[in-house]
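The values are calculated or read from the model by the stated rules, or taken from the named source; none is laboratory data. Given the structure is predicted, the values throughout are model-derived calculations rather than measurements. Cβ placement follows ideal geometry from the backbone for every residue including glycine, while neighbour counts extend to all protein chains displayed. Please note that ligands, DNA and RNA were not included when accessible areas were found on the heavy atoms of the full protein model with its side chains. Shrake-Rupley method; radii C 1.70, N 1.55, O 1.52, S 1.80 Å.
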Amino acid sequence: MSTQDTERGPGVPGPRTTPPRDTARTGRRSTALSTRARTRLAAGTLLAPFFALFTVAMIVPVGYALWLSLFTEKQSGLGFDGPRTVFDGLGNYATALGDQAFRDGFWVLLGYCAFYIPLMGGGAIVLALLLDTALARARRFFQPALFLPHAIPGLIAALIWIYLYTPQLSPVVAAMEAGGFGFDFFSSEGTLPSIVNIALWQWLGYNVVIFYAALQAVDRSLLEAATVDGAGNWRIAFSVKLPLIRSSLVMVLLFTIIGSLQLFTEPLILSRGSGSAVTSTWTPNMYAYSAAFERNDYGLAAAASVLIALVAAVLSFVVTRFANRRKEARR
């Protein structure tokens, strides 16, 4: 025991010592690192099921389609040994791109998008704006009524409309003929409008709900300020509301384009109609389906599917890039 401790006495505490600054900083850093580690662990735990499902349902099938598209089946010799799978490289892609039926399917999709996207986007925006104003007194009725067709599976919806398009069965066709307006929904001129009508009936209400939810999130003080400045309903709708829900508009446009490229169920069911002009290769998806399940050419079907996915990816990139540039320009 030192002399200073003896003079202080056994029960008197010694002078308080403060830890060095380096030690305090090290402690704060270790605390911050442990917090980050716990945050990353929690985020990884929550995201793991999604990435596992995404890998199983998306990455693995796409990878298998890419692998399958590089092979084809060929007969060896006189054909007694049966077909054998051989590596074909990009041969299936060349076959699909060289097939006139596959290329014509994209022209059909272009015409479909030219009708469908403006009608879908414009109709959904108008109905959502009406629901967001005082003009729609019965919102509780119109909201589920508009969304109800989307709850019906696409296959069932297509079957319903096939019945409504079929002469001698449909009350709609009978009423049109009684009014002197005859129209063949299965003809080459009527096939595209018929399919657009089915898609509109099924998806219009879904997009209305998206737009209406976005409009409900708009700050009402901005609308009140525009009203005080003398803006009318039309000016408020197109100069205030629509610019504020631009992100929702871009999202719906993007999903609509991707959905249009996947057109399959409606034309496939319509092709079963009497005298329908829809063929088994009317759209690119139908071409891939026909190659796989009618011609048993799985390599060609995989190559066609990959090409469709590439077109969808390019269009998605173009739409997103264009929307971002417009947003930056307005800033």
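Computed values, structure above
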{"item": "Global size of the stretch 120-196 as Cα Rg and Dmax, reported in angstrom", "result": "16.0, 43"}
{"item": "Ordering of 302-311, 153-162 by burial proxy (mean other Cβ atoms within 10 Å per residue, highest first)", "result": "302-311, 153-162"}
{"item": "Estimated distance in nm for a label pair at residue 247 and residue 184, the labels positioned 7 Å out from Cα along Cα-to-Cβ", "result": "5.0"}
{"item": "Potential extension, residue 294-residue 176 segment - 0.36 nm per residue separation minus Cα distance", "result": "38.7 nm"}
{"item": "Using a Förster distance of 25 Å, the FRET efficiency for residue 57-residue 85 (Cβ separation, nearest 0.05)", "result": "0.45"}
{"item": "R0 of 30 Å, Cβ-Cβ distance residue 119-residue 217: FRET efficiency to nearest 0.05", "result": "0.75"}
{"item": "Scattering curve values for the stretch 111-254, log₁₀ I(q)/I(0), Debye with Cα scatterers, q = 0.22 Å⁻¹", "result": "-1.33"}
{"item": "Projected label distance in nm at residue 103 and residue 225, using a 7 Å step from Cα toward the beta-carbon", "result": "5.5"}
{"item": "Sorted peptide list for 172-183, 235-246, criterion being average Cβ within 10 angstrom, highest first", "result": "235-246, 172-183"}
{"item": "Lys/Arg +1, Asp/Glu -1 at C-beta; the stretch 87-181 dipole; positive extreme among 146, 181, 121", "result": "146"}
{"item": "Extended-chain gain in nm, criterion 0.36 nm per residue less alpha-carbon gap, residue 160 and residue 34", "result": "39.4 nm"}
{"item": "Percent breakdown of C-alpha pair distances by 5 Å bin, ordered from the shortest bin, for the stretch 197-267", "result": "3, 14, 21, 19, 14, 12, 8, 6, 3, 1, 0"}
{"item": "Local electrostatic count at residue 102 - Lys and Arg +1, Asp and Glu -1, tallied over other residues with Cβ under 14 Å", "result": "-1"}
{"item": "Theoretical gain in end-to-end length, residue 50 to residue 235 [0.36 nm per residue, Cα-Cα removed]", "result": "62.3 nm"}
{"item": "Distance from the stretch 284-319 to the stretch 224-264 (C-alpha centre basis), Å", "result": "32"}
{"item": "Note, ³J(HN,Hα) from phi for the stretch 101-113, Karplus 6.51, -1.76, 1.60, rounded to Hz, x at Gly and Pro", "result": "5, 5, 5, 5, x, 6, 5, 4, 5, 4, x, 4, 5"}
{"item": "Prolate/oblate/rounded call for the stretch 239-331, Cα gyration tensor, a/c under 1.5 rounded", "result": "oblate"}
{"item": "Accessible area expressed per residue, the stretch 72-206, with surrounding protein chains retained (probe 1.4 Å, Å²)", "result": "59"}
{"item": "Volume in Å³ per residue [convex hull over Cα atoms, computed for the stretch 174-331]", "result": "162"}
{"item": "Spacing of the two label points (7 Å from each Cα toward its C-beta) at residue 264 and residue 133, in nm", "result": "4.1"}
